[in-house]
Amino acid sequence: MDFEKWDSGITDYAFASAAGLSAKNHNVIFAGLKNCPPIERAWKEGVKTAEFEKTSGLLFLLKVIKENGITVLNPHDGKSHFLCFLARLIKGKKIKIVRSYADARPVKKHALLWKYTDLFIAAAEFIKRDFMQKGLVPEKVKVVYRGIRMDEVERRIKKKNSGGKPLRISIVGRLDPVKGHKYFLKAAAFLAQKFPDAAFSVIGAEKNVKIEELKKESEALGLKNIRFEGFAENVYEEMAASDIGVIASVGSEAVSRVALEWMACGVPVVATKVGCLPELIQDGASGLIVPPADFESIAFAVSRLLSDAAFRQSIAESALSRAENLFSYEKFVDATEDTLLSL
């Protein structure tokens, strides 16, 4: 269940698990608010849905449970968790609750809800640690990282040959202050002095920051060799055409699908030390980790990759291997399935 009203990391995590389990022939109902993006996505992907008019729809939830023979409720946000708790009080122990948490915001302790929740799935180790610091025993929390569909990535990109072309450094993600675009621009301006032929790209849809704002900022920095692509229909093509990826986030990144996408595209990435990024990316091996809100550190890390083609290739190969071996979509779905079936 996911009562988010917009696309988010929480929604993506919830839907990916539902779609994967449905494809394995489990009786999955994706529950969400009517006419909101999560439900609309489920329609398009052919996943069976239960559409709630409001978050307090307890009678509707009980109806869905009865009509579909549901035995496990898997809420992904606080409101749906509370509704599942009420259903559990009515239906008793024959209904199990597994609360998935893919949110970078600190965990809020709810002793009563936790008592009636059989298991928790954390999208990263830092989330599990937060649960434990709030009093949850380790045995009750299972870490399941979001996986990436390697076949889809490979299908949507072409083999690149950038020989003789300027090296391209890109940032991909919604235009929002939390994604740290201003630090990317400052790092780019710093790098342009040493690598005048380097090209920079900003790829992502406008959210709380406008493209025009970033253009004005880049002009004030004297940055010329930069493109603002906006929303990319085929983001994997854009990523694969880049030589270095940057994740400049100053917060969030509970799941960081973009990190997995960079790795799956075989592109070395420089990422800030926030959220799950230090867990996904091995510093110095499958990417470079730098402090958040520090454009000089971003610039220095990118400079290392620009200056050493062999190092850049080594990082890229290690990143791709790590994505294939540890963060595949199949592993994500299997781990989720094992957790739910362990009750």
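The values are calculated or read from the model by the stated rules, or taken from the named source; none is laboratory data. Being a predicted model, the structure only gives us computed values, none of them experimental. Because the Cβ atoms are built from the backbone with ideal geometry, glycine has one as well, and the counts that use them run over all protein chains shown.
Anything in the stretch 315-343 that is small (Gly, Ala, Ser), surrounded by fewer than 15 Cβ atoms within 10 Å (Cβ to Cβ) and assigned to a helix (DSSP H, G or I)? List them, or say none. Explain how you work it out, then say what you get.
Of the stretch 315-343, the ones small (Gly, Ala, Ser) are 316, 318-319, 321, 323, 328, 335, 342.
This time we only want the ones that are surrounded by fewer than 15 Cβ atoms within 10 Å (Cβ to Cβ), so: 321, 342.
The answer is SER321, and nothing else.
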Elements of type helices (runs of 4 or more DSSP H) in the stretch 80-162, at least 3 residues being touching a residue at least 40 places away in the same chain (Cβ under 8 Å) = 125-133, 150-156
With respect to SER249, determine if the residue is in a loop (DSSP other than H, G, I, E, B) and under 20 Å from ASP176 (Cα atoms).
-> yes
What is the residue count in the stretch 282-292 for residues that are in contact with a helix residue (DSSP H, G or I) (Cβ under 6 Å, 6 or more places away or on another chain) and surrounded by fewer than 19 Cβ atoms within 10 Å (Cβ to Cβ)?
-> 2
Hey, among the residues in the stretch 131-147 that are of a type outside the set (D, E, K, R) and surrounded by fewer than 19 Cβ atoms within 10 Å (Cβ to Cβ), which one's nearest to SER8 (Cα to Cα)?
-> VAL143
Being free of Cβ contacts under 8 Å to residues at least 12 places away in the same chain and in contact with a strand residue (DSSP E or B) (Cβ under 6 Å, 6 or more places away or on another chain) is the filter here, so list the residues in the stretch 261-318 that pass it.
-> PRO278, ASP283, SER297
Would you mention how many residues in the stretch 183-201 are within 17 Å of PRO291 (Cα to Cα) and buried (at least 23 other Cβ atoms within 10 Å of the Cβ)?
-> 5
Do any residues in the stretch 182-193 that are among the aromatic types (Phe, Trp, Tyr) have Cβ atoms under 7 Å from those of residues that are modelled with pLDDT under 95 and part of a helix (DSSP H, G or I), where the two are at least six apart or on different chains, and which pairs are they?
-> none
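Going through ILE121, ILE95, ILE65, ILE127 one at a time, which residue ends up being modelled with pLDDT of 95 or more, buried (at least 18 other Cβ atoms within 10 Å of the Cβ) and out of contact with any helix residue (DSSP H, G or I) (no Cβ under 9 Å at 6 or more places or on another chain)?
On the way: ILE121 fails: out of contact with any helix residue (DSSP H, G or I) (no Cβ under 9 Å at 6 or more places or on another chain); ILE95 fails: out of contact with any helix residue (DSSP H, G or I) (no Cβ under 9 Å at 6 or more places or on another chain); ILE65 fails: out of contact with any helix residue (DSSP H, G or I) (no Cβ under 9 Å at 6 or more places or on another chain).
Only one candidate qualifies: ILE127.
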Of the conditions (1) touching a helix residue (DSSP H, G or I) at 6+ places or on another chain (Cβ under 8 Å); (2) closer than 16 Å to HIS181 by Cβ, LEU277 fails just one. Which one is it?
-> (2)
LEU305 buried (at least 21 other Cβ atoms within 10 Å of the Cβ) and assigned to a strand (DSSP E or B) | no
Out of curiosity, is SER17 surrounded by fewer than 22 Cβ atoms within 10 Å (Cβ to Cβ) and of a type in the set (Gly, Ala, Ser)?
-> no
Options GLU217, GLU206, GLU237, GLU213: the member that is of a type in the set (Asp, Glu), surrounded by fewer than 21 Cβ atoms within 10 Å (Cβ to Cβ) and without any contact (Cβ under 8 Å) to a residue 12 or more places away in the chain = GLU213
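Can you confirm whether VAL209 is in a loop (DSSP other than H, G, I, E, B), modelled with pLDDT of 95 or more and over 26 Å from SER17 (Cα atoms)?
Working: in a loop (DSSP other than H, G, I, E, B): yes; modelled with pLDDT of 95 or more: yes; over 26 Å from SER17 (Cα atoms): yes.
When the stated conditions are applied, VAL209 passes them.
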